[in-house]
Amino acid sequence: MTLELCQWKQSFYVETQPEMQLGTLIFSDVTFYKTEPQLFDLDSSEILAVDLLPSEGEDERIKLVLNGLDDVIVLNIQSSEVEWREIKTEDGQ
């Protein structure tokens, strides 16, 4: 899942850092996936909440609540690992 995060909205933001950060969330060995609604567009969706949910076994389950273009989007994903990979832009940020 490719995301562009607004760093400048974070409490830990330092003005010398780029305001935006582009990256990809990579979920490995997904064992559960549910979205509400089933079909949605992630274009310009704002992240409202991120919660870690209880799950069985070694996997972890994450719940993302997004403000979609027309409604609220809820993503539930359970996987063995989640990795964030920053994508460098042409200007090196």
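The values are calculated or read from the model by the stated rules, or taken from the named source; none is laboratory data. Source: prediction; values computed, not measured. Methodologically, a virtual Cβ is constructed for each residue, glycine included, from the backbone with ideal geometry; neighbour enumeration extends over all protein chains shown. Side chains are part of the model used for accessible areas, which takes the heavy atoms of the whole protein and leaves out ligands, DNA and RNA. Shrake-Rupley method; radii C 1.70, N 1.55, O 1.52, S 1.80 Å.
When the residues Asp59, Asp43 are ordered by accessible surface, computed with a 1.4 Å probe over the protein chains alone, the sequence from largest down reads Asp43, Asp59.
Accessible area per residue for segment 2-86 is 73 Å², calculated with a 1.4 Å probe on protein heavy atoms, without ligands, DNA or RNA. How many percent of the alpha carbon pairs in the chain exceed a separation of 17 Å? The answer is 58 percent, as a whole percent. Using the Cβ of Ile73 as centre and a radius below 13 Å, the other residues enclosed give a net charge of -4, where K and R count +1 and D and E count -1.
Here the accessible area of segment 2-86 is 48 percent carbon and sulfur, with a 1.4 angstrom probe and all protein chains present.
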